[in-house]
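Undergrad: Next up is a structure, given as structure tokens.
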């Protein structure tokens, strides 16, 4: 019921020419906002009617959850179907970036410099937040920098319209409707107005990009003004909310997210898995040291990570790394948060070089890699373009069969070899 109809090719083309982050190729004289408005204007009347029917039915469900008619009607005033959100939600990037390129941008000299300036400007409040929640200021600052570049871009999509579009579209309806109900509960509590409730197209809000359900559970009124305001120019409540979130998931004050390590010759790369937590004494017995050849520091159980395979840096990950991943489950994101935080606190670059001559594989190439491995008898359990545990195991088995270091790393040189 209420499944959206597909947009016409004309509408999709107009959206593609106007979306943020896309190359400005097709119509240089048409602004991004204008192109999006033109696309929206071409949504069929039938589709708008279906959206109106969905909204009517959702209103009934929202009222049954305790949302008042006045709050719902005020929140949905002027809300329509957003072709931009549909396009962004359905988009699947063909090309990806190597982790070192991602980290170069995420922890750039400019971002470090700006972050240090913001830290100095807000030092007393950041210290107070650290004292209350037991979360190091450097990681709170780092998440702020990663999420919105210290508040300089917090997103300008109406949270209600974005989530309503996602709920109507249906790909993740249950999730989107839960977030939408939570957003209405926030409005009903009076923390923000519908006009001010803006953020990313996917519903994340404020300086540190909280989803509405996370806001309800973890947002803090650190300023004491009676509102948990993560949207205003003052980031205090947002930074405190982030600290409280991390503290609830077990942040260990003063402990690192991880340390760069040196692996011994002949290391068994099958042990390099975030799920393979071992006491530091075990890793020491395997010959692993810190990057300066000193004994690996003991901060509790650790896992070994080799994000670029045997030819890049290696890391021992501690419990705080998993806490960062509760904020965003991507390994690259967690590494960037940890590395940026260390840099903000005076740390430097990783010591071991990245294999920068290795280009990133496109999704199509990853699918080809999986097909070629399977054809040679190293089953990847499907060819979906996602390098998961099955593909990594297949790569390791293939590498072992040809007497190579079995690091399980999916690279362009490996694909070339398989070809």
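The values are calculated or read from the model by the stated rules, or taken from the named source; none is laboratory data. Remember, it's a predicted structure, so these values are computed and weren't measured experimentally. Methodologically, a virtual Cβ is constructed for each residue, glycine included, from the backbone with ideal geometry; neighbour enumeration extends over all protein chains shown.
Undergrad: Can you find even one residue in region 161-171 that is under 20 Å from the mean Cα position of the chain (by Cα), free of Cβ contacts under 8 Å to residues at least 60 places away in the same chain and over 29 Å from residue 321 (Cβ atoms)?
TA: Yes, region 161-171 has at least one match.
Undergrad: Given (1) without any contact (Cβ under 8 Å) to a residue 60 or more places away in the chain; (2) under 21 Å from the mean Cα position of the chain (by Cα), identify the lone condition not met by residue 319.
TA: (1)
Undergrad: Here are the criteria: (1) assigned to a loop (DSSP other than H, G, I, E, B); (2) modelled with pLDDT of 95 or more; (3) surrounded by 15 or more Cβ atoms within 10 Å (Cβ to Cβ). Tell me which single one residue 343 does not satisfy.
TA: Status for residue 343: all satisfied but (1).
Undergrad: Moving to a separate point now. In region 403-414, how many residues are in contact with a helix residue (DSSP H, G or I) (Cβ under 8 Å, 6 or more places away or on another chain) and either part of a loop (DSSP other than H, G, I, E, B) or closer than 18 Å to residue 265 by Cβ (or both)?
TA: 7
Undergrad: Taking only pairs six or more apart or across chains, which ones have beta-carbon atoms under 9 Å, a first residue in region 44-65 that is at negative phi, and a second residue that is part of a helix (DSSP H, G or I) and exposed (fewer than 13 other Cβ atoms within 10 Å of the Cβ)?
TA: So the pair list comes out as 59/69; 59/73; 63/69.
Undergrad: Please work out which residue is modelled with the highest pLDDT, limiting yourself to region 160-194 and to residues that are more than 25 Å from residue 221 (Cβ to Cβ) and outside any helix (DSSP H, G or I).
TA: Checking each candidate, the answer is 172.
Conditions (1) under 28 Å from residue 82 (Cα atoms); (2) buried (at least 17 other Cβ atoms within 10 Å of the Cβ); (3) touching a strand residue (DSSP E or B) at 6+ places or on another chain (Cβ under 8 Å), marked per residue:
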| site | (1), (2), (3) |
| --- | --- |
| 189 | yes, no, no |
| 229 | yes, yes, no |
| 233 | yes, no, no |
| 236 | no, yes, no |
| 240 | no, yes, no |
| 251 | no, yes, no |
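Undergrad: Residue check, residue 214 against (1) without any contact (Cβ under 8 Å) to a residue 24 or more places away in the chain; (2) surrounded by fewer than 23 Cβ atoms within 10 Å (Cβ to Cβ); (3) not in a loop (DSSP other than H, G, I, E, B), all met but one. Which one?
TA: All conditions pass for residue 214, except number (1).
Undergrad: Yes or no: region 137-151 includes at least one residue that is surrounded by 14 or more Cβ atoms within 10 Å (Cβ to Cβ) and more than 21 Å from residue 334 (Cβ to Cβ).
TA: Looking for residues that are surrounded by 14 or more Cβ atoms within 10 Å (Cβ to Cβ) and more than 21 Å from residue 334 (Cβ to Cβ), one finds at least one in region 137-151, hence yes.
Undergrad: Among (1) part of a loop (DSSP other than H, G, I, E, B); (2) more than 25 Å from residue 252 (Cα to Cα), where does residue 150 come up short?
TA: Status for residue 150: all satisfied but (2).
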